[in-house]
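In what follows, a single structure is set out as structure tokens and then discussed.
The values are calculated or read from the model by the stated rules, or taken from the named source; none is laboratory data. Only a predicted model underlies this, so the values are computations on that prediction, with no experimental measurement involved. Cβ placement follows ideal geometry from the backbone for every residue including glycine, while neighbour counts extend to all protein chains displayed. When the accessible area is computed, the model is the full protein with side chains, heavy atoms only, and any ligands, DNA or RNA have been set aside. Shrake-Rupley method; radii C 1.70, N 1.55, O 1.52, S 1.80 Å.
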Number of protein chains: 2
Amino acid sequence: MSDDRRVGLADGPQAVVGLTAVIVSVDGTTPRVLTVGTDGGEALPSGDLAGDRDRTLEAAVRRLVGEQLGLPVRYFEQLYTFGDQARVPGGRALAVAYLALARHQPVSGPGRPHWRDWYELFPWEDWRRGRPGVLDQVVVPALGAWLAACPAEELATRTERAELTFGTGNARWDPMRVLDRYELLYELALLEEAGRRRPLVGALGHQLALDHRRIAAAALERLRGKLAYRPVVFEVLPETFTLSTLQQVVEAFAGQVLHKQNFRRLVAGANLVEPTGGVDQRTGGRPAELYRFRREVLRERPAPGMGLRRLGGP
Amino acid sequence: MSDDRRVGLADGPQAVVGLTAVIVSVDGTTPRVLTVGTDGGEALPSGDLAGDRDRTLEAAVRRLVGEQLGLPVRYFEQLYTFGDQARVPGGRALAVAYLALARHQPVSGPGRPHWRDWYELFPWEDWRRGRPGVLDQVVVPALGAWLAACPAEELATRTERAELTFGTGNARWDPMRVLDRYELLYELALLEEAGRRRPLVGALGHQLALDHRRIAAAALERLRGKLAYRPVVFEVLPETFTLSTLQQVVEAFAGQVLHKQNFRRLVAGANLVEPTGGVDQRTGGRPAELYRFRREVLRERPAPGMGLRRLGGP
DNA sequence: GACCATATGCTCAATCAGAGTATAAGGGGT
DNA sequence: ACCCCTTATACTCTGATTGAGCATATGGTC
């Protein structure tokens, strides 16, 4: 136990502290997360907290991303600090994870950076083309087995958890429950993850090193939550864009399609964007007006966002 | 820069990692936060992350709180990781902060624990008895001076920031902007805080050691946000309670009064509580029915909360 | 028994989300 | 030139939700 009267710099045990960035962008209608190749497999960009070089943690992440990737990142937000014993073999290592948003652009470098399709990591999260097949093919049967092999006194609890997490039974799919789903799938042994005793056949989604896919899941959940009440989408969009593009990007992150007319009304009503006067002719139909983000709203309004009430779909 | 190909336990520089708990309760209509006396002044309960003893960070905080205070805490949630260089004299020290909720009960121990009235730390945040006096007596004049002593090209930005943060001018007071307000007051040199060059006269609110009042501000903001969409209030309430008590507790955290009839309708409609059959006679008027929290909703509903849309007042 | 205080129940209007229908403005084929 | 297809944009309708006020119930106190 440490001395609870002392306040100030501790001289007690120290821990390894790393920084991890979940850098998100959008390429057309594909949400992307930046990964780098490592000896231990594909991973999120990470590095150690370098002593006293940076005044703040965010500055340290900015420098890390800048030096490793040279990618201009437009938004940083601290996500969570992961510190489970087992997350890294060999002892406790903390990872302070940051969510970062960037415009899509090619990246290259010694770390073999790659813009990974987000839904390769979480195929069950993309409902834009209807209910993902893996749910009925893999998840629902596995949930059934999990419930069947369950002590009777726990059955009600487990059933409830399964229904809520995956929107089976009476419950509806909640786009926000990304982490819950990830963790339940992990329990169901459907994820091939580092540290697992033996390899899985037919594991779901693309694996990342260590607990990095879990970190990415936390980032997706946070991002989906933020969409509704902060204008963060614009950080991945170019300077000017059409309302359709804006909607497609929101849909890409939300993993579901939105009602087009209402989306327009919402965006217009929120005064988040203003027309530039230009048009985009490449639509294949009537040309679309180009808009730009009214960056003033960042200072104007208390909590402007896309107003997507609970990310409601069509 | 660290080797970006390595994944696993780092052997690079290590950092001091501490844990800090913001333990919240309610005593009648007074929101409380638990502080301990230290050589450096009044502080939040803190300790070092003790090597490999705990499997998770939350377990470590639980143990820390248990051993230091012996207080039964009913809810833990990771808040933020603070790691500014300057937060602790002598070099970088990380603090992983947790928000904790407990039922109010006396505490004692070697650390001189004390249930501090939350609004002693942030007197400007309590609007339950109308607009706090300090705003017009101290803050608004200071904002005026800050704007007057401002380079012309920055005036518009500063004015906007001031209006938004403190709800002056056209903007309305936003209960959620706790951290923004804290930081602006700090910039205005209205807070007597550790690390400040010279003591202030007439500083606002009760000071805590290091950056602990800032951590508490982050906790209040988080808690106010959570109220609206997760049933966390019940963790500070006794097993049974009246709807008035429930409302008073929500009002205590929100720092503003709520419309009574709508509050009732809301709580009833959300199915968050069920009547016990008992009544509380000590009301001074018609006896109030006693309710209990339907703990099942934690598993039933995706995002149940008090439904306070943007914490709307009367 | 009048009066006060608090709890509880109901109504009403304004607003907003969800969904449908209609019109505008391009391009490509015949 | 015309029709048709595609996408963009505009308007309407309906039900749900919110903010606010009014009315009633049930206890205690003077």
How many residues are modelled with pLDDT under 95 and more than 27 Å from B:Phe293 (Cα to Cα) when one looks only at region B:96-109?
2
A:Arg112 vs. criteria within 14 Å of another protein chain (Cβ to nearest Cβ), modelled with pLDDT of 90 or more and surrounded by fewer than 17 Cβ atoms within 10 Å (Cβ to Cβ)
yes
Can you spot a residue in region B:157-170 that is assigned to a loop (DSSP other than H, G, I, E, B) and open to solvent by less than 50 Å² (accessible area, probe 1.4 Å)?
yes
Looking at A:Pro287, A:Pro275, A:Pro238 in this structure, which one is more than 16 Å from DNA strand C (Cβ to nearest atom), more than 14 Å from every other protein chain (Cβ to nearest Cβ) and surrounded by fewer than 21 Cβ atoms within 10 Å (Cβ to Cβ)?
A:Pro238
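For every residue, the table says whether it meets (1) in contact with a Gly (Cβ under 6 Å, 6 or more places away or on another chain); (2) within 14 Å of chain B (Cβ to nearest Cβ); (3) at pLDDT below 95.
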site: A:Leu79; (1), (2), (3): no, yes, no
site: A:Leu121; (1), (2), (3): yes, no, no
site: A:Arg131; (1), (2), (3): no, no, yes
site: A:Glu153; (1), (2), (3): no, no, yes
site: A:Thr168; (1), (2), (3): no, yes, yes
So, A:Arg264, is that one exposed (fewer than 14 other Cβ atoms within 10 Å of the Cβ), free of Cβ contacts under 8 Å to residues at least 60 places away in the same chain and of a type outside the set (Asp, Glu) or not?
no
Mind counting the residues in region A:39-49 that are surrounded by 19 or more Cβ atoms within 10 Å (Cβ to Cβ) and in a loop (DSSP other than H, G, I, E, B)?
3
With the structure loaded, tell me whether B:Arg129 is in contact (Cβ under 8 Å) with a residue 60 or more places away in the chain and either open to solvent by 20 Å² or more (accessible area, probe 1.4 Å) or not in a strand (DSSP E or B) (or both) or whether it fails that test.
no
Within region B:22-35, is there a residue that is at the interface with chain A (Cβ under 7 Å from one of its Cβ atoms), buried (at least 20 other Cβ atoms within 10 Å of the Cβ) and at pLDDT 90 or above?
no
Scan region B:50-76 for residues that are open to solvent by less than 10 Å² (accessible area, probe 1.4 Å) and within 19 Å of A:Ala95 (Cβ to Cβ) and report the count.
3
